[in-house]
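Asks: Questions regarding the structure given below will be posed in turn.
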Amino acid sequence: MEEAEVEIVRNAGAVSRIFEQMLERRKTLSIVQHGHRSDAWVVKVSPTRLILAKRDKGSKFTPGGVEFQFRCVIGRNIIGKGMIFRIKDEYLELALPAEVTIIQRRHAYRVVPTAESIAIFQTAAKWLLAGRIEDLSATGIRLCLPQATPVVVPSDIQAICLQLNHAAPANEFGAPATVVRQLVKLKTATIARKADTGATKFASYGIHFTPTPHEERQLAQIILNFERAARLKGLTA
């Protein structure tokens, strides 16, 4: 897979057309604000605005920034940021995003770092925690922590540092395999859910990212690197 499979679309007509197709097919998209996710339908698209119908009328939004996440009508994963400027009981009115990022389907797959990959962050209760990263995608990680660790769900994280490792295989000239370490610092994240039943000594937590465009590009590149390393070793990322 090549880097060109991550594409940033800035042409207003092309961005508008993506949302028009969602309207035509009545496909839902996800909106994330303040760490909370809700589904909506596109009901109107203009050259500068979007009107969305909330799937759950009880969903709470505030004027300001919001993140889109959805799969378009031809199966590509789309992420982007918008701005809500009017809220009604059933509808949201937003500015048409200036750009969206298209991530080909394989980029949305979760890749598995080596066991030494960790995340370090501070919880809302000011606990500084570190846990093993079980898998990584462009929008989040699954993190392993002891059951006894005090974690609130959901809970916003002010900053999180990912130390990601993968083994680069030996090359054809006989050089030994090496471990490649990469660091990513994200300004915002949310502990969105506990992903296990508590039957073991360790718990898995789903952490959702709200990355900046720069952070999105970093994560996309790292996912590419993991997938390439896995293919060279004959594994599936």
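Asks: Restricting to the stretch 191-224, name every residue that is free of Cβ contacts under 8 Å to residues at least 60 places away in the same chain, of a type in the set (A, V, I, L, M, F, W, C) and touching a Gly at 6+ places or on another chain (Cβ under 6 Å).
Replies: A195
Asks: Tell me which strands (runs of 3 or more DSSP E) are completely within the stretch 60-156 and hold 3 or more residues being at pLDDT 85 or above and either open to solvent by less than 10 Å² (accessible area, probe 1.4 Å) or in contact with a strand residue (DSSP E or B) (Cβ under 6 Å, 6 or more places away or on another chain) (or both), or say none if there are none.
Replies: Passing ranges, in order: 64-71, 77-87, 91-95, 118-122, 128-137, 140-146.
Asks: Could you figure out which of (1) surrounded by fewer than 15 Cβ atoms within 10 Å (Cβ to Cβ); (2) without any contact (Cβ under 8 Å) to a residue 40 or more places away in the chain isn't true of S38?
Replies: (1)
Asks: Would you check which residues across the stretch 3-30 are buried (at least 16 other Cβ atoms within 10 Å of the Cβ) and in contact with a Leu (Cβ under 7 Å, 6 or more places away or on another chain) and list them?
Replies: V15, S16, F19, M22
Asks: For a quick check of your reading of the model, give me the residue pairs whose first member lies in the stretch 154-171 and is among the polar types (S, T, N, Q), whose second is modelled with pLDDT of 85 or more and open to solvent by 20 Å² or more (accessible area, probe 1.4 Å), with beta-carbon atoms closer than 6 Å and at least 6 apart or on different chains.
Replies: Once the first residue is among the polar types (S, T, N, Q) and sits in the stretch 154-171, its partners that are modelled with pLDDT of 85 or more and open to solvent by 20 Å² or more (accessible area, probe 1.4 Å) give Q163/I118; Q163/L183.
The values are calculated or read from the model by the stated rules, or taken from the named source; none is laboratory data. Quick caveat: nothing in here was measured; it's all calculated off a predicted structure. So basically every Cβ, Gly included, is an ideal-geometry build from the backbone, and we count neighbours across all protein chains shown. When the accessible area is computed, the model is the full protein with side chains, heavy atoms only, and any ligands, DNA or RNA have been set aside. Shrake-Rupley method; radii C 1.70, N 1.55, O 1.52, S 1.80 Å.
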